[in-house]
Amino acid sequence: MAKDGFSFIVCPDGQLLRDRIEGQLAAHSSSHGAWERHVYWGDEGLAASFWEHLTLQGLFATPKALVVRNAQNLAAADWKKLSESLRQASPTSWAFICLEVAFERGKAKVPAAVQKTACWKFAAGQGWIWESPGLDERSLQGFASAWAQKRGVRFAPGALPAICAALPADATAARNELEKLALAGGADGVISADTSALGDHAADLDIFGFIRAVQSGTQHDKVWRKVMGSSSANDGLVFQFLGMLQREARMMWQLLSGESVRLPAAVLQSKTRTAQQLRYRGIMRMWDLALEAEKGIKSGERSPDQAMEALIGGLLALFAPRRP
């Protein structure tokens, strides 16, 4: 099967879009050697080297994968030039144009200006657009099963649903938790249901522990130092924190709505009480705070530390005990 002339990858999860690109490149190996990868960012505009790699074929015909991250932030002039250049692309180049946009009601929020471009319309007609809203409760099991098959491990009967119920809806964080479970599973390569609790408690940033500490009115300084210290040490932990926070909000929403959530009895009771105290308005506020932090970082309006300070401040206000 011939490769796409170019590809649109529409997905808000950076790990999933990387997996998609790697899978496509692996499925279309080149007789001229391994794919040479070049990554560009739409926030920064497209460098001269991008246009050269896209349209010019080198002496040795080295195949080049040109990945444009956050392409939704490209300027209008870049989109116009991109549409023209893709028509004249070198046969040894493969452009992956990544639109890292949110989904709403199952539909990607692709900017109208992008959908009007000639390259988007042509790609849609050719079937060269891949879309994924990211991980959710339904897709987590497929994600974990694919990971297990690639990793060469197996889930014991009943373990997969229990583990997926505790995984964060972020591919990078979920994969890290699965790797921990595989190590805990021992030499037989079987992950049992007994290890499912690790997915909820293995992370350094214990979101529900933070919530309990704030609600109790104690250890604010200790919690603040732990969260801010961890996120400053590794910016990637900021997005892990956001993913776990949104997962926690989703779980409490389910509990408040009377849906079944698989958790240890003591944890289930505690989270149910918290959900009842927050009500729907408070849970929605958790999502608002997480999305505000993510938007601030990705738009460049705030550094990760500044976004985390605002996020933790908002959570402290939300979960602080009500006083007369």
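The figures follow:
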{"quantity": "First in the range 75-96 and under 11 Å from ASP4 (Cα atoms), second anywhere and in a helix (DSSP H, G or I) and among the basic types (Lys, Arg), Cβ under 6 Å, 6 or more apart", "calculated": "none"}
{"quantity": "Residue count, the range 131-181 (criterion: within 16 Å of the chain's Cα centre (by Cα) and in a strand (DSSP E or B))", "calculated": "1"}
{"quantity": "Breaking point among (1) exposed (fewer than 15 other Cβ atoms within 10 Å of the Cβ); (2) under 21 Å from the mean Cα position of the chain (by Cα); (3) of a type in the set (A, V, I, L, M, F, W, C); (4) at pLDDT below 75, for ALA265", "calculated": "(2)"}
{"quantity": "Meets criteria (without any contact (Cβ under 8 Å) to a residue 24 or more places away in the chain and either of a type in the set (Ser, Thr, Tyr) or out of contact with any strand residue (DSSP E or B) (no Cβ under 6 Å at 6 or more places or on another chain) (or both)) for ARG151", "calculated": "no"}
{"quantity": "Residue under evaluation VAL110, criteria (1) within 23 Å of the chain's Cα centre (by Cα); (2) assigned to a strand (DSSP E or B), criterion not met", "calculated": "(2)"}
{"quantity": "Test: residue in the range 69-76 that is modelled with pLDDT under 85 and exposed (fewer than 13 other Cβ atoms within 10 Å of the Cβ)", "calculated": "no"}
{"quantity": "Scan of the range 155-169 for residues that are open to solvent by 10 Å² or more (accessible area, probe 1.4 Å) and touching a residue at least 40 places away in the same chain (Cβ under 8 Å), ordered by number", "calculated": "PRO161, ALA162, ALA165, ALA169"}
{"quantity": "Residue within the range 55-65 that is assigned to a helix (DSSP H, G or I) and either open to solvent by less than 60 Å² (accessible area, probe 1.4 Å) or modelled with pLDDT of 90 or more (or both) present", "calculated": "yes"}
{"quantity": "Tally, over the range 24-48, of residues that are under 22 Å from GLU100 (Cβ atoms) and in contact with a strand residue (DSSP E or B) (Cβ under 9 Å, 6 or more places away or on another chain)", "calculated": "12"}
{"quantity": "Residues of the range 107-133 satisfying the condition of being open to solvent by less than 90 Å² (accessible area, probe 1.4 Å), within 20 Å of LEU86 (Cα to Cα) and touching a Lys or Arg at 6+ places or on another chain (Cβ under 9 Å)", "calculated": "GLN115, THR117, ALA118, CYS119, TRP130"}
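The values are calculated or read from the model by the stated rules, or taken from the named source; none is laboratory data. All of these numbers come straight from a predicted model, not from anything done at the bench. Cβ coordinates were reconstructed from backbone atoms using ideal geometry, including for glycine residues, and neighbour counts include every protein chain displayed. Protein only, heavy atoms only, side chains kept; ligands, DNA and RNA dropped before computing areas. Shrake-Rupley method; radii C 1.70, N 1.55, O 1.52, S 1.80 Å.
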